[in-house]
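J.: Sharing a structure, written as structure tokens. Questions coming.
The values are calculated or read from the model by the stated rules, or taken from the named source; none is laboratory data. Source: prediction; values computed, not measured. Here the Cβ is made from the backbone with ideal geometry for all residues, glycine too, and neighbour counts use every protein chain on show. Side chains are part of the model used for accessible areas, which takes the heavy atoms of the whole protein and leaves out ligands, DNA and RNA. Shrake-Rupley method; radii C 1.70, N 1.55, O 1.52, S 1.80 Å.
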Amino acid sequence: MPGRFGFMSLKSRITEDMKTAMRAKDTARLGTVRLLLSAMKQKEVDERMVLSGTELTDADVLSIIEKMLKQRRESIAQYEKAARADLADVEKAEIAVLSAYLPQQMSDAEVTEAVLAAIKESGAAGPKDMGKVMGLLKSRLAGRTDMGKLSGLVKAKLVG
């Protein structure tokens, strides 16, 4: 299902990947993709999107993927402490599958340019306007940059 600009939405791409993994009998990949689809469906149910007829945006899906990646990294650390390399390897394989859905990371110069454009667009005059700027940037840059670094950069630009 092509979205804006003729591109397939991330949700549609993940659904297609599940079908491809099923046809290829790639059980490891299929299991991870099904977990992701299940988490997406749960978010839709939790936020009552199904009833309202709305769908998850790519930013929503990226947020779910990032949460799942964080959970897997934490699990790997625990499994390695417990000398369970077999379980850590399963988590690492899931990270590889999930990471493939993340967009390419932006360079520092691209992030700075986006911050300056958002400051100008929002008419931000100082640190009190940080929420406006972050609101604009969050949806635009989701998954493409570290939000902690982004917040620090926005603050620095608004103060200085």
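J.: List the equivalent ellipsoid semi-axes of the chain in whole Å, largest first, each obtained as the square root of 5λ for an eigenvalue λ of the Cα gyration tensor. Working shown, then result.
T.: Values: eigenvalues 212, 93, 40 Å².
Output for the chain: semi-axes of 33, 22, 14 Å.
J.: Related question: For the chain, which whole percent of the accessible surface, found with a 1.4 angstrom probe, sits on carbon and sulfur atoms?
T.: The value for the chain is 56 percent carbon and sulfur by accessible area.
J.: Within straight cross-link reach of Lys128, meaning Cα distance under 21 Å, which lysines are found once same-chain residues fewer than 8 apart are removed?
T.: Lys120, Lys138, Lys149, Lys155, Lys157
J.: Hey, what number do you get for the chain at 222 nm if only DSSP H runs of n ≥ 4 count, each worth -39500 (n - 2.57), divided across all residues, to the nearest 500? All intermediate terms of the calculation are to be shown ahead of the outcome.
T.: Numbers: 8 runs with 118 residues, N = 160.
Per the formula, -24000 deg cm²/dmol.
J.: Lys/Arg Cβ at +1, Asp/Glu Cβ at -1, dipole of the chain taken about the Cα centre: which of Val45, Thr27, Val90 is farthest positive-ward?
T.: Projecting each Cα onto the dipole axis, the largest value belongs to Val45.
J.: In sequence order, what are the phi-derived ³J(HN,Hα) couplings for the range 144-160 according to the Karplus relation 6.51 cos²θ - 1.76 cosθ + 1.60 with θ = phi - 60°, rounded to whole Hz, with x for glycine and proline?
T.: Calculated HN-Hα couplings, in order: 9, 7, 6, 5, x, 5, 4, 4, x, 5, 4, 4, 4, 5, 6, 7, x Hz.
J.: Right, something else. Could you state the angle between the C-alpha long axis of helix 10-24 and the longest principal axis of the C-alpha atoms of the chain, as a value from 0 to 90 degrees rounded to the nearest 10?
T.: Taking the Cα atoms of the chain, the angle to 10-24 is about 20 degrees.
J.: Further question: Assign unit charges at the C-beta atoms only (+1 for Lys and Arg, -1 for Asp and Glu), then state the dipole size of the chain relative to its Cα centre in Debye, rounded to the nearest 20.
T.: Numbers: 27 positive and 22 negative charges, 30 e Å.
Charge dipole of the chain: 140 debye, to the nearest 20.
J.: Tell me, what is the per residue accessible area of the chain in Å², probe radius 1.4 Å? Each step should come with its number before you reach the end.
T.: Numbers: 10160 Å² over 160 residues.
Ligands and nucleic acids excluded, the figure is 64 Å² per residue.
J.: Translational D (Stokes-Einstein, µm²/s) of the range 69-160 at 37 °C and 0.692 mPa s when Rh comes from the Kirkwood sum over C-alpha pairs? Please list the in-between numbers first.
T.: Values: Rh = 15.2 Å.
It comes out at roughly 216 µm²/s.
J.: In addition: Can you give the Rg and Dmax of the range 6-59 based on its C-alpha atoms, in angstrom?
T.: Radius of gyration, then largest Cα-Cα span, for the range 6-59: 12.3, 35 Å.
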